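S.K.: Below is a structure I'd like to ask you about.
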Amino acid sequence: MLSADAALEIAGAAMREAAKQKQRVSVVIVDRSGATRLVVKGDGAGPQTEESARRKAFTAVSFGRATSELAKGLNGGGPSIADIPGTLFLGGGVPVASGGAPVAGIGVGGAPSGDLDEAIARAGLKAVSDRLR
């Protein structure tokens, strides 16, 4: 389980990275069951950023992999994991793992590319990575 203090620390580090990168984003953290634990909507972040961040966090914790990695495995032509309600396969979602299992997901939405969103999410994860087992 990810504590409330750790979630706040992740969000703070992510928002500092977003400011450093001059990006207006939202950060959402979900628990292992996909329930929203924390939402921070940055100043000037667009109205779509909160929902995209939530869906990225949900996708990352559900599959235990970064959304950018999952997106690489998608190809057209038929039903896929992208058809699962609530998921979003754009860069910007990273899982938080402890003991080799996902315990939470971090989602960032609002930067002009998924690469930037993911870098911001990873900066948040880095803030607590030394305390994850």
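The values are calculated or read from the model by the stated rules, or taken from the named source; none is laboratory data. In this text the structure is predicted, and so the values were computed from the model without any measurement. Backbone-built Cβ (ideal geometry, glycine too); neighbour counts: all protein chains shown. Calculation scope for accessible area: heavy atoms of the full protein, side chains included, ligands and nucleic acids excluded. Shrake-Rupley method; radii C 1.70, N 1.55, O 1.52, S 1.80 Å.
S.K.: Which residues, counting only those in the range 1-58, are in a loop (DSSP other than H, G, I, E, B), closer than 14 Å to VAL108 by Cα and in contact (Cβ under 8 Å) with a residue 40 or more places away in the chain?
M.R.: GLN21, GLN23, ARG24, VAL25, GLY42, ALA45, GLY46, GLN48
S.K.: I need the full set of residues from the range 120-133 which are under 13 Å from VAL27 (Cβ atoms) and open to solvent by 50 Å² or more (accessible area, probe 1.4 Å), in order please.
M.R.: Across the range 120-133, the qualifying residue is only ARG122.
S.K.: Look through the range 84-114, keep the residues that are over 12 Å from the mean Cα position of the chain (by Cα) and more than 20 Å from GLY34 (Cα to Cα), and return whichever of them is most open to solvent (accessible area, probe 1.4 Å).
M.R.: Here the residue is PRO112.
S.K.: Residue by residue through the range 86-124, note down the ones that are among the aliphatic types (A, V, I, L, M) and either closer than 16 Å to LYS20 by Cα or without any contact (Cβ under 8 Å) to a residue 12 or more places away in the chain (or both).
M.R.: VAL108, ALA111, LEU116, ALA119, ILE120, ALA121, ALA123
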